[in-house]
Amino acid sequence: MTLLSWSPRRLHSLTDAQIEELVGVLIDCVEGGASVSFMHPLTRDHAVAFWRRVAREVAAGERALLVAEDARGLCGTVQLTLNQPANQPHRADVSKMLVHRRARRQGLAAALMRAAESTARECGKTLLVLDAVTGGDAARLYERLGWVRVGDIPGYALLPRGGLCSTTVYYRNLSDCP
Ligand SMILES: CC(C)(COP(=O)(O)OP(=O)(O)OC[C@H]1O[C@@H](n2cnc3c(N)ncnc32)[C@H](O)[C@@H]1OP(=O)(O)O)[C@@H](O)C(=O)NCCC(=O)NCCS
C-alpha cells in the first residue's frame, strides 16, 4: 500500500467489532516493545477496558479518535484529548499513535498525524503537545513532520518488558503551519 492510499477517518462512536480490532493493534504494539503506557504482557481484558474508556470519551466529545484500515481491518490509530483545562481551550494532547506491525513503514503514521492536525483545527485547537520515547521511531516521525522538540525527561517511563526510558516532549503550533 502506498502513502496516497491511506484514508484515515474520525470515529464518533465505536462498535464492538472496532474495539476488537483496536485491541489487536494495541496488543501488537506492546508485544513489539512500544512504550505506550502498558506493560507486557498486555491482556485482552486490560486492552478492552482501555478502548471502552476511550469509546466513552469519544462519545462524550472529550476525545477525537482517528483510525485507518487495510484489507484486514483497523491497523492504525491516533487520538486527540480535546477536553482541557478552562485556561487552555486552544490546546489538545496527541496520544496513542499506534500502527500495527503489519502496516508499518508505508506512511500510515504520517497520514494519521495529518488527519489529526486537520481534526484539531476543525475543533478550534491551535496548539498540540505530545511526547515520545527519546530517539525512537515515533520521535523520528514527529521531527520529520516538523514538530518542535522541547526537551528530554530522563527515566520517564518503563519499557513494556522493563527498563527505564527517556521521553522527549514536542509541540506543534498549528497557527504557524500552512
Ligand atoms: C511510530 C509508528 C507510529 C510509526 O508508524 P509508521 O506507519 O510505520 O510510520 P511511517 O510509515 O509514517 O514512517 C515510518 C518510516 O517509514 C518510512 N516510510 C514511509 N513511507 C514509506 C514507503 N512508502 N516506503 C518505504 N518507507 C516508507 C518513513 O520515512 C519512516 O522512516 P524512518 O523510520 O527511517 O524515519 C509505529 O512504528 C508504531 O506504531 N510504533 C509503536 C507504537 C508507538 O511507539 N507509538 C508512538 C507513541 S508516541
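The values are calculated or read from the model by the stated rules, or taken from the named source; none is laboratory data. The shown structure was predicted, so the numbers you read here are calculated from the model rather than taken from an experiment. In this analysis, Cβ positions are derived from the backbone assuming ideal geometry, glycine residues included, and neighbour counts consider all displayed protein chains.
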Exercise. Does Leu82 satisfy the condition of being hydrophobic (A, V, I, L, M, F, W, C), crowded, with 23+ Cβ neighbours inside 10 Å and under 19 Å from Lys125 (Cβ atoms)?
Worked result: no
Exercise. What pairs can you find where one residue is in the range 127-143 and under 23 Å from Ser175 (Cα atoms), the other is more than 8 Å from the ligand (Cβ to nearest atom) and basic (Lys, Arg), and their Cβ atoms are less than 6 Å apart, with a gap of 6+ or different chains?
Worked result: Leu127/Arg91; Leu128/Arg172
Problem set entry | Every pair of residues 6+ apart whose Cβ atoms lie under 7 Å, when the first sits in the range 96-125 and is in contact (Cβ under 8 Å) with a residue 24 or more places away in the chain and among the basic types (Lys, Arg) while the second is more than 14 Å from the ligand (Cβ to nearest atom) and not in a helix (DSSP H, G or I) | Lys125/His90; Lys125/Arg91; Lys125/Ala92
Exercise. Of these, Ala68, Ala49, Ala64, which one is surrounded by 14 or more Cβ atoms within 10 Å (Cβ to Cβ) and more than 13 Å from the ligand (Cβ to nearest atom)?
Worked result: Ala64
Seminar exercise, completed: Sole miss for Leu98 among (1) closer than 22 Å to Leu82 by Cβ; (2) within 6 Å of the ligand (Cβ to nearest atom); (3) part of a helix (DSSP H, G or I) is condition (3)
Problem set entry | Selection count, the range 163-176, where residues are over 25 Å from Arg91 (Cβ atoms) and not in a strand (DSSP E or B) | 1
For this session: Considering only the range 14-69, state which residues are farther than 24 Å from Leu158 by Cβ, outside any loop (DSSP other than H, G, I, E, B), of a type in the set (A, V, I, L, M) and over 16 Å from the mean Cα position of the chain (by Cα).
Result: Ala17, Ala59
Exercise. Based on what the data block shows, is Asp93 under 27 Å from Gly155 (Cβ atoms) and in a strand (DSSP E or B)?
Worked result: yes
Exercise. Taking the range 22-51 only, how many residues are within 30 Å of Gly135 (Cβ to Cβ) and either among the basic types (Lys, Arg) or in contact with a Gly (Cβ under 9 Å, 6 or more places away or on another chain) (or both)?
Worked result: 7
For this session: Kindly list the number of the only condition in (1) within 13 Å of the ligand (Cβ to nearest atom); (2) assigned to a helix (DSSP H, G or I); (3) hydroxyl-bearing (Ser, Thr, Tyr) that fails for Thr77.
Result: (2)
Exercise. When you go through (1) more than 19 Å from Gly76 (Cα to Cα); (2) crowded, with 16+ Cβ neighbours inside 10 Å one by one for Ser95, which number turns out not to apply?
Worked result: (1)
Problem set entry | So Val133, is it at pLDDT 95 or above, near the ligand (Cβ under 9 Å from one of its atoms) and β-branched (Val, Ile, Thr) | yes
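Take the range 119-162 and flag every residue that is part of a helix (DSSP H, G or I) and surrounded by fewer than 19 Cβ atoms within 10 Å (Cβ to Cβ).
Arg121, Glu122, Asp137, Arg140, Leu141, Glu143, Arg144
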